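Structure first, then comments.
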Amino acid sequence: IFCRHAKRTTVTTEDVKLLARRSNSLLKYITQKSEELASSNMEQKEKKKKKSSVAKGERTPGEHEAAVTENEDSNMA
């Protein structure tokens, strides 16, 4: 009902939270699980991003900073 009201066809976690808002324990559980899923998805995206950049031969931000520092050190010597 909530997604239809918002003129959407996809049910989101926010729709489910609205439905469960009268039961504090259920709302708390759903909120906790959705946060866990969101953090898990972010970790997976970061891993994919790192794999694709390594496959392309690109450097990660930390590796780039180390390379810049090494170049600066060698230029000073």
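The values are calculated or read from the model by the stated rules, or taken from the named source; none is laboratory data. As the structure is a prediction and not an experimental result, all values here were calculated from the model. Cβ placement follows ideal geometry from the backbone for every residue including glycine, while neighbour counts extend to all protein chains displayed.
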Some residue of region 53-64 being under 21 Å from the mean Cα position of the chain (by Cα), part of a loop (DSSP other than H, G, I, E, B) and at pLDDT 85 or above: no
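Tell me, please, whether a residue that is assigned to a loop (DSSP other than H, G, I, E, B) and either touching a strand residue (DSSP E or B) at 6+ places or on another chain (Cβ under 9 Å) or surrounded by 11 or more Cβ atoms within 10 Å (Cβ to Cβ) (or both) can be found in region 22-42. Working first, answer last.
Step one: filter region 22-42 for residues assigned to a loop (DSSP other than H, G, I, E, B), giving 22-23.
Filter again for either touching a strand residue (DSSP E or B) at 6+ places or on another chain (Cβ under 9 Å) or surrounded by 11 or more Cβ atoms within 10 Å (Cβ to Cβ) (or both), leaving 23.
For region 22-42, residues assigned to a loop (DSSP other than H, G, I, E, B) and either touching a strand residue (DSSP E or B) at 6+ places or on another chain (Cβ under 9 Å) or surrounded by 11 or more Cβ atoms within 10 Å (Cβ to Cβ) (or both): present.
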